[in-house]
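Scroll down for the structure; my scribbles are underneath it.
The values are calculated or read from the model by the stated rules, or taken from the named source; none is laboratory data. Owing to the predicted nature of the structure, the values given are computational and were not obtained by experimental measurement. All Cβ positions, glycine included, derive from the backbone under ideal geometry; neighbour counts span all protein chains shown.
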Amino acid sequence: MKKVEAIIKPFKLDEVKDALSEVGIQGMTVTEVKGFGRTGGKKEVYRGSAYVVDFVPKVKIEIVVTDDMVAQVIDAVEKSAKTGRIGDGKIFVVSLDEAVRIRTGERGEAAI
């Protein structure tokens with residue numbers, strides 16, 4: 001099992017959700033987050049004075065999938081979240097040792 005974490009622009013969430021639904025993903029966790037990457041944030045002007053916004057609002061999507069679904073999920077997220085501009089985000093894949101469905105006690109891939 002793998003956990004795919006994608007950090008994307010907030011306005012792309014619906015497109016990503018639809019793309020994931022098309023490849024058979026039935027559940028995900030979405031969190032509003034803030035952060036910055038290589039660019040270090042962005043400069044804005046407020047009442048005539050410039051200041052740097054260090055943390056840019058983003059959305060983090062977490063999806064747990066079987067090993068054979070990882071490539072499809074990455075492809076779906078990458079294509080649907082891409083704008084071609086700086087700050088499109090990142091995708092991380094992490095190995096997952098165990099999953100447990102609390103209600104039924106199912107473990108491993110059966111719990112996904």
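Could you tell me whether residue 30 is under 14 Å from residue 73 (Cα atoms), at pLDDT 95 or above, hydrophobic (A, V, I, L, M, F, W, C) and under 10 Å from the mean Cα position of the chain (by Cα)? It is false that residue 30 is under 14 Å from residue 73 (Cα atoms), at pLDDT 95 or above, hydrophobic (A, V, I, L, M, F, W, C) and under 10 Å from the mean Cα position of the chain (by Cα).
Does residue 6 satisfy being at pLDDT 95 or above and outside any loop (DSSP other than H, G, I, E, B)? Yes. If we keep just the residues of the stretch 33-48 that are of a type in the set (D, E, K, R) and modelled with pLDDT under 70, which is farthest from residue 94 (Cα to Cα)? It comes out as 44. From the list 18, 14, the lone residue that is free of Cβ contacts under 8 Å to residues at least 24 places away in the same chain and part of a helix (DSSP H, G or I) is 14. Residues in the stretch 74-89 that are basic (Lys, Arg), surrounded by fewer than 13 Cβ atoms within 10 Å (Cβ to Cβ) and within 23 Å of residue 21 (Cβ to Cβ): 79 only. Where strands (runs of 3 or more DSSP E) fall wholly inside the stretch 49-103, the ranges with 3 or more residues that are at pLDDT 95 or above and within 20 Å of residue 1 (Cα to Cα) are 56-65, 89-95.
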